[in-house]
Amino acid sequence: MNAVALDDLAFDDRGLIPAVVQDAQNGEVLMMAWMNRESVALTIEEGRTVFWSRSRQQLWRKGETSGHVQHVEELRVDCDADVLLVRVHQVGAACHTGERSCFFRTLEA
């Protein structure tokens, strides 16, 4: 597998990169959030997810208040280096609604 350096990531004009969070055991997509350079570095350093909150304009550690932490097994980078896949071991719910995944609803046709 090819490794990509933090400096090689393609952050957007706001300095952000989308991060799709996936259950490392069963492949379920748990959530999508945004990361900046600092949050990616902290995620690697701490071994748990750290995101950038666009609404609060600050870093947030997943599970900091809820206890629903995501322990990172692996960070993957797509072919254009502009999307991250964060494979985690989820403790509790990933969604702020209490659902395991943020993708618990279907879109009506």
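The values are calculated or read from the model by the stated rules, or taken from the named source; none is laboratory data. Remember, it's a predicted structure, so these values are computed and weren't measured experimentally. Every residue, glycine among them, receives a Cβ derived from its backbone with ideal geometry; neighbour counts consider all protein chains shown. Just so you know, the surface numbers come from the protein's heavy atoms only, side chains and all, with ligands and any DNA or RNA stripped out. Shrake-Rupley method; radii C 1.70, N 1.55, O 1.52, S 1.80 Å.
Side notes on the structure shown:
- Exposure ranking of 44, 17 by accessible area [1.4 Å probe, largest first]: 44, 17
- Rounded to the nearest 500, the helix-only mean residue ellipticity at 222 nm of the chain stands at -2500 deg cm²/dmol, with each DSSP H run of n ≥ 4 adding -39,500 (n - 2.57).
- Positive-pole candidate from 59, 4, 34, dipole of the chain, charges at beta carbon: 59
- Nearest-ten-degree value, helix 37-46 long axis tilted from longest Cα axis of the chain: 70 degrees
- Theoretical gain in end-to-end length, residue 46 to residue 109 [0.36 nm per residue, Cα-Cα removed]: 18.5 nm
- 3J(HN,Hα) along segment 99-109, derived from phi through the Karplus expression 6.51 cos²θ - 1.76 cosθ + 1.60 where θ = phi - 60°, amounts to 6, 4, 10, 6, 9, 9, 10, 10, 8, 6, 7 Hz, with x in place of Gly and Pro.
- Expressed in Å, the radius of gyration and Dmax of the Cα atoms of the chain are 13.6, 43.
- Projected label distance in nm at residue 76 and residue 7, using a 7 Å step from Cα toward the beta-carbon: 2.7 nm
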